[in-house]
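No lab work stands behind these numbers, since they all come straight from the coordinates. Quick caveat: nothing in here was measured; it's all calculated off a predicted structure. Cβ placement follows ideal geometry from the backbone for every residue including glycine, while neighbour counts extend to all protein chains displayed.
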């Protein structure tokens, strides 16, 4: 695994979360977690060097609990802890249950 992958890999949503997403969202249609991971690694590999460094910085901030998500419906803050790329290659930042 290239350095960037090994550093950000722990922040890709875990298998349990992936399986919940797959169960609750018809748009998550990879056959299994391994293919989901491979797709995410491919997305990271395809980023420009600048965007890879940005993603690495994001992961460092996730690790330091410096990123929060806000549900503007209820104005509640959530700690962000992981990410993934959806099938449209858009970065999605997740918070724990």
Per the helix-only model, the chain has a calculated mean residue ellipticity at 222 nm (DSSP H runs of ≥4, -39500 (n - 2.57) each, divided over all residues, rounded to the nearest 500) of -14000 deg cm²/dmol
Out of all Cα-Cα pairs in the chain, roughly what percent, to the nearest whole number, are more than 17 Å apart?
51 percent
Return the distance in nm (one decimal) between the two label points of a simple spin-label model at residue 25 and residue 38, each offset 7 Å from Cα along Cα→Cβ.
2.1 nm
How far apart, in nanometres, would the label points at residue 69 and residue 9 be if each is projected 7 angstrom from Cα along the Cα-to-Cβ direction?
2.4 nm
Rank these for me by crowding, 75, 59, going from fewest to most other beta carbons within 10 Å.
75, 59
Footprinting exposure proxy for 16, 9, 84 (fewest neighbouring C-beta atoms within 10 Å first):
16, 9, 84
